[in-house]
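One structure is given below, encoded as structure tokens.
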Amino acid sequence: MSVTIVLGSQWGDEGKGKIVDLLSQSADMVARYQGGANAGHTIVFRGKQHILHLIPSGILNPEVVCLIGNGVVIDPEAFVKELNELHAHGIDTNGRLFISSRAQIILPYHKIIDKALESANTIKAIGTTGRGIGPAYVDKASRIGIRMIDLLNEKSLENKIKDNLEHYNCEFTKVLNIDTLNFDSMFEEFMANVNIMKPFIADTALMISKAMKAGKKIIVEGAQGALLDVDHGTYPFVTSSNPTAGGACTGLGIPPNSFDKIIAVVKAYCTRVGNGPFPTEQINSIGERLRATGSEFGATTGRPRRCGWLDLFVLKYSTMINGFTDIALTKLDVLNDFEEIKICSGYKTGGEIIESYPTSSEEFSAIEPEYITMKGWMKSLSGIRTLEALPNETREYLSKIEEISQVKISYISLSPDREDTIII
Ligand code: GDP
Ligand code: IMO
Ligand code: MG
């Protein structure tokens with residue numbers, strides 16, 4: 001049995017796509033466990049860029065079976081679009097891509113509510129991706145959600161969606177003051193995508209269980225990041241699922257004792273898209289430099305990402321929740337030209353270092369990040385393939401990360417390309 005989870009340790013966009021694709025080269029199966037098309041996972045291989053939103057990042061390896069687990073919320077329109085894009089790039093998905101029969105479906109009304117709530121609540125806006133994620137998970141928890149299995153019975157599917165739309169149209173007019181949706185045209189468009197999706201429905205939990213028993217190598221791919229977790233993240237500025245390691249058990253139906261590696265994808269600095277606390281954010285020329293050098297613009301929405309220094313209190317907290325065994329450090333090359341690099345080692349409140357990660361906006365507004373200043377290496381790391389060949393200053397930066405997080409760095413990524421990685 002060999003199951004490795006790869007998940008974001010910060011606020012998403014750490015480079016999970018690149019790391020999952022790299023590890024997929026020697027894997028049999030890759031499975032997504034939560035989130036939906038709010039994710040944007042970028043893979044660059046031989047100069048070609050692929051951005052995946054719903055389909056697991058293992059899909060570029062033709063030998064890998066890809067599963068979308070029950071914890072994922074599926075937007076049929078996004079799924080079909082992504083499938084067509086992969087086919088246009090010559091990637092064959094036939095017989096190796098499956099969606100859980102228990103996965104929930106995003107309907108057009110979920111996207112409308114998501115956007116309407118964000119624009120009606122400008123003060124409290126989360127800055128969501130507008131992909132209908134929150135409202136779809138609301139329906140799941142309210143037990144009125146439509147699941148993949150429902151696609152197989154058109155008459156009852158029609159009735160369920162009609163009932164839900166009646167409820168939502170009422171909310172549209174009476175609460176949100178927006179136009180209602182017409183059932184017939186919405187359903188007709190929906191069914192066109194549904195018919196494409198039907199052959200992908202499978203019992204993915206059973207498939208993983210069989211693969212584990214057969215000794216296959218399985219990679220479990222997280223979306224978003226630990227600090228965007230609905231329970232452990234910077235609530236309410238979070239997504240509506242559990243990107244943390246526990247979410248992989250519920251989101252795929254894998255027992256908790258299955259995992260032998262839990263890899264934290266850690267960006268060498270920090271970014272965040274959308275609103276919410278970000279203690280090490282640099283709203284200055286440093287932040288602008290990080291954004292420009294790291295091309296920090298959202299892979300899903302194109303929004304500029306907020307940028308700041310690496311926050312090791314976040315990583316320590318994230319390690320506590322996820323039990324990381326390894327770190328995949330990404331985008332180290334982005335720091336190449338910085339004379340000085342800061343690392344946040346902890347937060348102080350009232351002059352005292354705090355132990356508990358802040359929970360409320362009041363706690364966040366009272367904290368002061370503590371920084372360690374490191375000397376930059378001021379040279380390109382291009383082409384380096386061993387730890388020993390890295391400049392001393394770079395190795396000191398890596399040691400500091402390992403010392404404070406107490407997790408070993410096993411992968412160092414030096415460019416978007418699959419090949420440009422040091423494997424330790
Ligand atoms: P994900 O959501 O965690 O998969 O990350 P994204 O794909 O949203 O964002 C990461 C971005 O950084 C993508 O554009 C990647 O191609 C790029 N990237 C990944 N690793 C590296 C790296 O080591 N160096 C540089 N310069 N870019 C990287
Ligand atoms: P990947 O997998 C970064 C953020 C949104 C917003 C909050 C809630 O590419 O790392 P949602 O649409 O989920 O209801 O938005 O979460 N967010 C992400 N930020 N990377 C992501 O995914 C994200 N998915 C959602 O910007 O702040
Ligand atoms: Mg992303």
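The values are calculated or read from the model by the stated rules, or taken from the named source; none is laboratory data. Note that this is a predicted model, so its numbers are computed, not measured. Note: ideal-geometry Cβ built from the backbone for every residue, glycine included; neighbour counts use all protein chains shown. The accessibility values were calculated without ligands, DNA or RNA, using every heavy atom of the protein model including side chains. Shrake-Rupley method; radii C 1.70, N 1.55, O 1.52, S 1.80 Å.
Only one of (1) touching a helix residue (DSSP H, G or I) at 6+ places or on another chain (Cβ under 9 Å); (2) touching a residue at least 12 places away in the same chain (Cβ under 8 Å) is not met by S356, so which one is it?
(2)
If you scan segment 209-242, which residues turn out to be within 15 Å of ligand 1 (Cβ to nearest atom) and of a type in the set (S, T, Y)?
Hits for segment 209-242 are T239, S241.
Which residues, taken from segment 135-149, are open to solvent by 20 Å² or more (accessible area, probe 1.4 Å) and in a helix (DSSP H, G or I)?
Within segment 135-149, Y137, V138, K140, A141, S142, I149 qualify.
Which one is farthest from ligand 2 (Cβ to nearest atom) among residues in segment 15-48 that are in contact with a helix residue (DSSP H, G or I) (Cβ under 8 Å, 6 or more places away or on another chain) and open to solvent by 30 Å² or more (accessible area, probe 1.4 Å)?
Result: D28.
If I filter segment 166-193 down to residues being of a type outside the set (A, V, I, L, M, F, W, C) and not in a helix (DSSP H, G or I), which single residue comes out as nearest to N121 (Cα to Cα)?
N177
Would you mind finding the one in I208, I219, I263, I196 that is assigned to a helix (DSSP H, G or I) and crowded, with 23+ Cβ neighbours inside 10 Å?
Only one candidate qualifies: I208.
Determine whether L329 is touching a Phe, Trp or Tyr at 6+ places or on another chain (Cβ under 9 Å) and either open to solvent by 10 Å² or more (accessible area, probe 1.4 Å) or in the same structural domain as D231 (by TED's automatic domain parsing) (or both).
So L329 passes the test.
Would a scan of segment 356-370 turn up a residue that is among the β-branched types (V, I, T), more than 16 Å from ligand 1 (Cβ to nearest atom), within 27 Å of D231 (Cα to Cα) and loosely packed, with under 14 Cβ neighbours inside 10 Å?
Yes - at least one qualifying residue is present in segment 356-370.
In segment 186-222, how many are within 16 Å of ligand 2 (Cβ to nearest atom) and either out of contact with any Phe, Trp or Tyr (no Cβ under 8 Å at 6 or more places or on another chain) or of a type in the set (F, W, Y) (or both)?
1
Please work out which one of (1) open to solvent by 60 Å² or more (accessible area, probe 1.4 Å); (2) touching a strand residue (DSSP E or B) at 6+ places or on another chain (Cβ under 8 Å) is the condition R395 fails and give its number.
Condition (2) is where R395 drops out.
Just one of the numbered conditions (1) at positive phi; (2) within 16 Å of ligand 3 (Cβ to nearest atom) is not true of R131; which one?
(1)
Considering each of F297, F259, F324, F338 in turn, give the residue that is more than 16 Å from ligand 1 (Cβ to nearest atom), of a type in the set (A, V, I, L, M, F, W, C) and on the phi < 0 side of the Ramachandran plot.
The conditions single out F259.
Take the residues of segment 247-260 that are open to solvent by 50 Å² or more (accessible area, probe 1.4 Å) and free of Cβ contacts under 8 Å to residues at least 12 places away in the same chain: which is nearest to ligand 3 (Cβ to nearest atom)?
P256
One line per residue, one yes/no per condition, for (1) open to solvent by 50 Å² or more (accessible area, probe 1.4 Å); (2) outside the structural domain of D21 (by TED's automatic domain parsing); (3) of a type in the set (A, V, I, L, M, F, W, C); (4) modelled with pLDDT of 95 or more:
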residue: E352; (1), (2), (3), (4): yes, no, no, yes
residue: K379; (1), (2), (3), (4): yes, no, no, yes
residue: S413; (1), (2), (3), (4): no, no, no, yes
residue: P416; (1), (2), (3), (4): yes, no, no, yes
residue: E419; (1), (2), (3), (4): yes, no, no, no
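Can you find a residue that is in the same structural domain as I74 (by TED's automatic domain parsing), more than 30 Å from F278 (Cα to Cα) and part of a strand (DSSP E or B) anywhere in segment 230-253? Let's see the steps before the verdict.
Step one: list which residues in segment 230-253 are in the same structural domain as I74 (by TED's automatic domain parsing), which gives 230-253.
Then drop every residue that is not more than 30 Å from F278 (Cα to Cα), which leaves 252-253.
The next check asks that each one be part of a strand (DSSP E or B); those that pass are none.
The answer is no; no qualifying residue exists.
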